[in-house]
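**Student:** Mind having a look at this structure? Questions to follow.
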Amino acid sequence: MKNKILTFLLTILFINLFSQNKVLTEFPKSQLPYIGGYEAYYRDFHDIIVEKNIQPCSNKNELYQFSIFITADGNIKFIKDLNEKHVEENKCAYNLARQVAQYQKGWNPAILDGIKQNAMARFIIYPDGLFENFRNGYLPSFTAPVFNSLEKNNLDEFRKELLSKIDVRRFDWNDIFTVEAEFTINKEGKMEKIILTKPSGLYEFDKMIINSYKSIRKKWKPATINGNPVDFRFKHTLRAVTDPQ
């Protein structure tokens, strides 16, 4: 018999590692990915919109969670978004984030143990606040989704709920594997658009993982931007290994 051990790690947004280099998946605490902080990032964003005469998005509800790779030398590299459907639904915000990023000059590398590092940075792009509605000192007022409207440890509770649905006993693995899943919490607090951005390669196993997500019936309190409910994406990484007993 083999004992299936499944561990679960929650991450948000996309991680597409450049395997030849060490990459921090988030900035160290107290460090900022843009010189002058997030206010400077959004101020420069707006100024570039004006300077380049970029036209606003026709859909005021678009929202894009923009991840970018900041290299140790202060340059940037774009990360491929594997959720093509979500990109298509938020195409204007997606294109806007990338277009403006090419003109921004304040990228600030992460520093760990006194050494500049490659790192992922993340920004919420809500175009409706970056054009005519922009104000000095702008920061998107964001609240994250909350599972089952719990005040504390709501993501831990979601993890427990998910793991209770996953059954790996009928699958015989001889190695460590990773499955990356993604879903959207919509404006009504429902979990939808569940996909595997990195499947295991075994159809029946991948189907079981997706069905495990779908079987969770408890609702979420939706994310908000500036007080307005918005669709929000989560990404989970599921790592599993079988150990002989």
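Computed from the coordinates by the stated procedures, all read-outs in this text should not be read as laboratory data. Note that the coordinates shown come from a computational prediction; the quantities given were computed from them, not determined experimentally. When we count neighbours, we look across all protein chains shown, and the Cβ atoms used for this are built from the backbone with ideal geometry, even at glycine.
**Student:** How long are the semi-axes of the ellipsoid equivalent to the chain, from square roots of 5 times the Cα gyration tensor eigenvalues, in whole Å, largest first?
**Tutor:** Its equivalent ellipsoid spans semi-axes of 34, 22, 16 Å.
**Student:** Out of region 95-165, which trypsin sites (Lys or Arg not before Pro) are coil in DSSP terms and have no more than 11 other C-beta atoms within 10 Å?
**Tutor:** Lys105, Arg135, Lys152
**Student:** Before rounding to the nearest 500, sum -39500 (n - 2.57) across all DSSP H runs of length at least 4 in the chain and divide by the residue total; then give [θ] at 222 nm in deg cm²/dmol.
**Tutor:** -7000 deg cm²/dmol
**Student:** Can I ask one more? Can you compute the label reach from Phe171? Point 7 Å from Cα along the Cβ direction, backbone N cut-off under 19 Å, restricted to region 183-213.
**Tutor:** Taking a point 7 Å out along Cα→Cβ of Phe171, the residues of region 183-213 whose backbone N falls under 19 Å are 183, 194-213.
**Student:** In region 94-162, which chymotrypsin sites (Phe, Trp or Tyr not before Pro) fall in coil by DSSP and have 14 or fewer other Cβ atoms within 10 Å?
**Tutor:** Answer in residue order: Tyr103.
**Student:** Let me ask another. Structure shown: which of Lys105/Lys221; Lys105/Lys235; Lys214/Lys235; Lys91/Lys207; Lys91/Lys198; Lys60/Lys218 lie over 25 Å apart, alpha-carbon to alpha-carbon?
**Tutor:** From Lys105/Lys221; Lys105/Lys235; Lys214/Lys235; Lys91/Lys207; Lys91/Lys198; Lys60/Lys218, over 25 Å: Lys105/Lys221; Lys105/Lys235; Lys91/Lys207; Lys60/Lys218.
**Student:** Between Asn53 and Thr237, what FRET efficiency follows from the Cβ-Cβ distance if R0 is 35 Å, with the result rounded to 0.05?
**Tutor:** Computed FRET efficiency for Asn53 and Thr237: 0.30.
**Student:** Which is the longest part of the chain that has none of the GluC sites (Glu not before Pro) sitting in a DSSP loop with at most 10 other Cβ atoms within 10 Å?
**Tutor:** By the stated rule (loop sites, at most 10 other Cβ atoms within 10 Å), 1-131.
**Student:** Would you work out the relative contact order for the chain, in percent, from Cα pairs under 8 angstrom that are 6 or more residues apart?
**Tutor:** This gives 29 percent for the chain.
**Student:** I would also like to ask the following. Rounded to the nearest 0.05, what FRET efficiency do Glu188 and Asn153 give with R0 = 25 Å and r taken as the Cβ-Cβ distance? Could you check?
**Tutor:** After rounding, the FRET efficiency stands at 0.60.
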